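Contents: one structure, followed by commentary.
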Amino acid sequence: MKAILQANWTTGQLDNWTTGQLDNWTKNRNDIPAVIKTLEIKTGRQGLHDISTQIDGAVQQSGCEEGLCTIFIQHTSASLVIQENCDPAVRCDLENWMNRLIPENDPLYTHTQEGPDDMPAHLKAALTATSLSIPIIDGQLALGTWQGVFLWEHRHSEGWRKLVLHVKHD
């Protein structure tokens, strides 16, 4: 069973829940106005990784019909964006443009001990977003037809990225 943190906004304390308890809770979800969940996403390469399915699954698991989903990435060399999810050429063009805008091995960089892709990754994350807020309508993320939620990995190496989701019920 996965542990899920749930914020009790009346008392301000955090309670640990298991998925079984959460299933029981969803029958009475009006008693609890928010759910906080941590997701770990594996990134296999530098680039945009569609995480819409994982985010939508967490929203559906929360039982929220109307509200707001806030997603926060706990890293300084990756970011979050809402972008087109249909044509992969869009992702390729965005990645190529960003890599041209912020090249590796720039002689101006002084933070170089973690490799040639590290300082550019910090700059790319600074120009994009570390959190997103998306309305929830009828139990679904209110994304447009061609929109998806993407984790933008700015480093070359494979790794895990940690996201915190806060689903607030109206």
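So that you can scan it fast, the table gives a plain yes or no per residue for (1) under 23 Å from Lys37 (Cα atoms); (2) free of Cβ contacts under 8 Å to residues at least 12 places away in the same chain; (3) basic (Lys, Arg); (4) assigned to a loop (DSSP other than H, G, I, E, B):
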residue	(1), (2), (3), (4)
Trp97	no, yes, no, no
Ala121	no, no, no, no
Leu132	yes, no, no, no
Val149	yes, no, no, no
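Can you pull out the residues in segment 100-122 that are open to solvent by less than 60 Å² (accessible area, probe 1.4 Å) and of a type outside the set (Val, Ile, Thr)? Listed by number, the residues that qualify are Pro103, Asp106, Tyr109, His111, Gly115, Asp117, Asp118, Met119, Pro120, Ala121, His122. Scanning segment 55-95 for residues that are part of a helix (DSSP H, G or I) and among the charged types (D, E, K, R) returns Asp56, Arg91, Asp93, Glu95. Figure legend. Inter-residue proximity from segment 34-53: first residues farther than 15 Å from Ser79 by Cβ, second residues among the hydroxyl-bearing types (Ser, Thr, Tyr), beta-carbon distance below 7 Å, spacing 6+ or different chains. Indicated pairs: Val35/Ser62.
If you scan segment 59-85, which residues turn out to be open to solvent by less than 10 Å² (accessible area, probe 1.4 Å) and among the aliphatic types (A, V, I, L, M)? Selection gives Val59, Ile71, Ile73, Ala78, Leu80.
The values are calculated or read from the model by the stated rules, or taken from the named source; none is laboratory data. Quick caveat: nothing in here was measured; it's all calculated off a predicted structure. Backbone-built Cβ (ideal geometry, glycine too); neighbour counts: all protein chains shown. In case anyone asks, the SASA skips ligands and DNA or RNA and just uses the protein heavy atoms, side chains included. Shrake-Rupley method; radii C 1.70, N 1.55, O 1.52, S 1.80 Å.
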